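A.B. asks: Have a look at this one.
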């Protein structure tokens, strides 16, 4: 008489622990990148990189990108900026509560931390160290830890990144400034600027690292503000072009007017 075996228990993949590399699914990451490249241009005139800043194609080896945190858009914009570093594997910390809500982020290189807790700090240090031990590891960190206006001075960063860099002093550190601003079109501009890499200093303490990071990021934000205030597209390289125009009805009228007057229609406001 055949024996009926009980159903096998559901197998669950073990989550990475602190000190292990977060998982990345190249397939899911590629799909999400394509979605972001479709989604972001629908909400911005363009994603622009300041020509006055450091060009990131010169970066080799493990790196940390420390950036300000002006908006909800930051992770999506950073995902697009990752394309400037095609040889790196990119990771970023995220509030553990958000990771519980959006579980698929686990496969995009995000790892959960508990903000303002000893456990969260330990997870950040251990996982960050694992990332920076990799020859092509890249860690993206919003050092302010919360949404902050780009005009706020002085720039204040949390101390965790300083402790991490004191343990990994040979890491390349790039300050990144982000700003969302309206120029002459209906949709805003997404502006980015990389500052000069911070020089490696093996004997720099965590507090000294934090101070240097704050100074570098503030300087970079000020430099981007000057480029932004110029309202000059020539100061920027377009990384991703979005939509121009002032609206469906008004653009339709402008098309008709251009047709009957023999002029060329352009969607831009100017």
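A.B. asks: With a point put 7 Å past each Cα toward its Cβ, work out how far residue 72 is from residue 87 in nm, to one decimal.
C.D. replies: With each label point 7 Å from Cα toward Cβ, the separation is 3.8 nm.
A.B. asks: Relative contact order for the stretch 26-244: what is it in percent, counting Cα pairs under 8 Å that are at least 6 residues apart?
C.D. replies: Relative contact order here is 34 percent.
A.B. asks: Got the relative contact order for the stretch 32-143 handy, in percent, Cα pairs under 8 Å and 6 or more residues apart?
C.D. replies: 37
A.B. asks: Report for the stretch 26-244 the percent antiparallel among DSSP-assigned beta bridges with both residues inside it, nearest 5.
C.D. replies: 35
A.B. asks: Also: Provide the packing ranking of 22-33, 106-117, i.e. peptides ordered by the mean count of other C-beta atoms within 10 Å per residue, highest first.
C.D. replies: Per-residue mean Cβ counts within 10 Å order the peptides as 106-117, 22-33.
A.B. asks: How much length is gained on full extension from residue 219 to residue 186, taking 0.36 nm per residue of separation minus their Cα-Cα distance?
C.D. replies: So the extension gain works out to 8.9 nm.
The numbers here are math on the coordinates, done by the rules we state, and not lab data. A quick note: this is a predicted structure, and the numbers were derived from the prediction, not measured. Neighbour counts are summed over all protein chains in view; Cβ atoms, including those assigned to glycine, are modelled from backbone coordinates with ideal geometry.
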